[in-house]
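Below is one structure, written out as structure tokens; comments come after it.
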Amino acid sequence: MKPINFLSEVRKLKKDLPSFPDGRIDYHKAKTSAAVLAFLEYNGKLLIVKRSNKVATYKGLWSVIAGYMDEIVSPKRKILQEIREETGLLSKDIRSIRLAKPFIYKDKKGGFLIIMQPAHVILKRVPRIRMDWENTSAKWVDKASIWNFNLVPNVKPSFDALRLGDRNNNRK
């Protein structure tokens, strides 16, 4: 598989797709989009969130913190923004962020492609989560238990890309 330069792909999408008045990429009718997914971990447990009925896709499914890459910024900056928006956590709450190699996910049911940038985020302490409108509830679960939930389909390949099932996955 050919390596993907995530930001180059986002720049191509910005050139080809419409924009909102504020300059962000408008993915509403796009067949290809770009997104970041952040697996937040503290003390061996991952945070999963249940998506609300107000979001455009995957309503009512469990996910990790995620968002469209709708502006030209570094993936880490966008990940920090999504974490802040969806949980209330700040960069001072984070010990480390590790990015996996980006990949293309094909949603067979929806018929669209997502250029994915997964991240493993280690937190410094057990945080108090303050959710926004995108999610209705949050749970801390063991890595092995995550598969007991009805997950957004792109969580599994992102988990695998980060090698979160491996024992030596906490490289900084």
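Numbers for the structure displayed
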quantity	calculated
Complete set of residues in segment 76-89 that are touching a helix residue (DSSP H, G or I) at 6+ places or on another chain (Cβ under 6 Å) and free of Cβ contacts under 8 Å to residues at least 24 places away in the same chain	80
Flag if residue 6 is surrounded by 11 or more Cβ atoms within 10 Å (Cβ to Cβ), at pLDDT 95 or above, in contact with a strand residue (DSSP E or B) (Cβ under 8 Å, 6 or more places away or on another chain) and under 16 Å from residue 73 (Cα atoms)	yes
Breaking point among (1) closer than 17 Å to residue 43 by Cβ; (2) basic (Lys, Arg); (3) part of a loop (DSSP other than H, G, I, E, B), for residue 101	(1)
In segment 30-52, residue nearest to residue 133 (Cα to Cα) [restricted to those that are among the polar types (S, T, N, Q) and assigned to a loop (DSSP other than H, G, I, E, B)]	52
Sole residue being of a type outside the set (Ser, Thr, Tyr), outside any helix (DSSP H, G or I) and without any contact (Cβ under 8 Å) to a residue 24 or more places away in the chain, chosen from 73, 55	73
Positions within segment 1-29 being over 30 Å from residue 164 (Cα atoms), in a loop (DSSP other than H, G, I, E, B), within 19 Å of the chain's Cα centre (by Cα) and of a type outside the set (Lys, Arg), in sequence order	26, 28
Where a residue in segment 102-117 is without any contact (Cβ under 8 Å) to a residue 24 or more places away in the chain and its partner, wherever it lies, is part of a strand (DSSP E or B), with Cβ under 9 Å and at least six apart	106/112; 106/113; 106/114
Residue in segment 18-40 that is of a type in the set (S, T, N, Q) and exposed (fewer than 12 other Cβ atoms within 10 Å of the Cβ) present	no
Residue list for segment 49-93, filter: of a type outside the set (D, E, K, R), closer than 24 Å to residue 141 by Cα and surrounded by fewer than 19 Cβ atoms within 10 Å (Cβ to Cβ)	52, 53, 55, 57, 58, 60, 61, 67, 81, 88, 90, 91
In segment 104-131, the residues that are assigned to a strand (DSSP E or B), buried (at least 17 other Cβ atoms within 10 Å of the Cβ) and among the aliphatic types (A, V, I, L, M)	114, 115, 116, 119, 121, 123
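The values are calculated or read from the model by the stated rules, or taken from the named source; none is laboratory data. Because the structure is predicted, anything quoted here is derived from the model rather than measured. Using ideal geometry, Cβ is built from the backbone for each residue, glycine included, and neighbour counts are taken over all protein chains shown.
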